[in-house]
Amino acid sequence: MKHIYSLIIISLLSSCFKTGNNQTPKVEKESVNDIKSENIIGSWNFIETRDINGKKLDNYEGSFGTVQATGPKLIYKANFTYEKVFTPKNTDIGNWKFNSKTNTIEHDLYIDSTDFVGKDLIRRKLAIKSVDGKYYERIEDRIIKMEKDEMLIDNRGLVDVYKKEKK
């Protein structure tokens, strides 16, 4: 249970660390309209973060200071569950789906509605109650570009680059 609290706090803090840059990253304009859920299924390793000009960043300035440019390993399963592995002891787990209209992967991260963070998310209407009575936070990652083994995700004006693991 401690890990869930840590995950939620880290998830909330990491969203504060990212720059508020609303510029669209410079990426080759390539159609992302043909992405299907089955293209996303698999394990994706974080490679690097780039600025809007495509330059690799080792770190960047966020609202709370310098942030190391790292990302989680992403694991999307065929049963539409996911894992975002930040460290072996810090992993977000939930359900996912691909929204082809917005080119976003919608992550439903289940939260503990009885702890401080969960209660705060519910109070601020950042948590949604599911039909089973549990609460989750919806986190969306917009895909900028996707090829067979590479996926570029918008990271609030920066670009996170992922490579798909070979089977």
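What to note about this one:
- Yes/no for PHE80 being over 13 Å from LEU152 (Cα atoms), among the hydrophobic types (A, V, I, L, M, F, W, C) and loosely packed, with under 12 Cβ neighbours inside 10 Å: no
- The residues of the range 35-78 that are in contact with an Asp or Glu (Cβ under 7 Å, 6 or more places away or on another chain) and over 15 Å from GLU150 (Cα atoms), listed by number, are LYS56, LEU57, ALA69.
- In the range 70-97, the residues that are acidic (Asp, Glu) and touching a residue at least 12 places away in the same chain (Cβ under 8 Å): ASP92
- Residue in the range 95-108 that is least open to solvent (accessible area, probe 1.4 Å), counting only those that are within 22 Å of ASP149 (Cβ to Cβ) and part of a loop (DSSP other than H, G, I, E, B): ASN103
- Sole exception among (1) of a type in the set (D, E, K, R); (2) open to solvent by 20 Å² or more (accessible area, probe 1.4 Å); (3) touching a helix residue (DSSP H, G or I) at 6+ places or on another chain (Cβ under 9 Å); (4) under 19 Å from PRO72 (Cβ atoms) for ASP92, by number: (2)
- Counting the residues of the range 109-138 that are among the acidic types (Asp, Glu) and not in a loop (DSSP other than H, G, I, E, B) gives 2.
- Hey, GLY118 surrounded by 12 or more Cβ atoms within 10 Å (Cβ to Cβ), within 16 Å of the chain's Cα centre (by Cα) and among the small types (Gly, Ala, Ser) or not: no
The values are calculated or read from the model by the stated rules, or taken from the named source; none is laboratory data. From a predicted model like this one, the values you see are computed outputs, not experimental measurements. Counting neighbours? That spans all protein chains shown, and the Cβs are built from the backbone with ideal geometry, glycine included. The accessibility values were calculated without ligands, DNA or RNA, using every heavy atom of the protein model including side chains. Shrake-Rupley method; radii C 1.70, N 1.55, O 1.52, S 1.80 Å.
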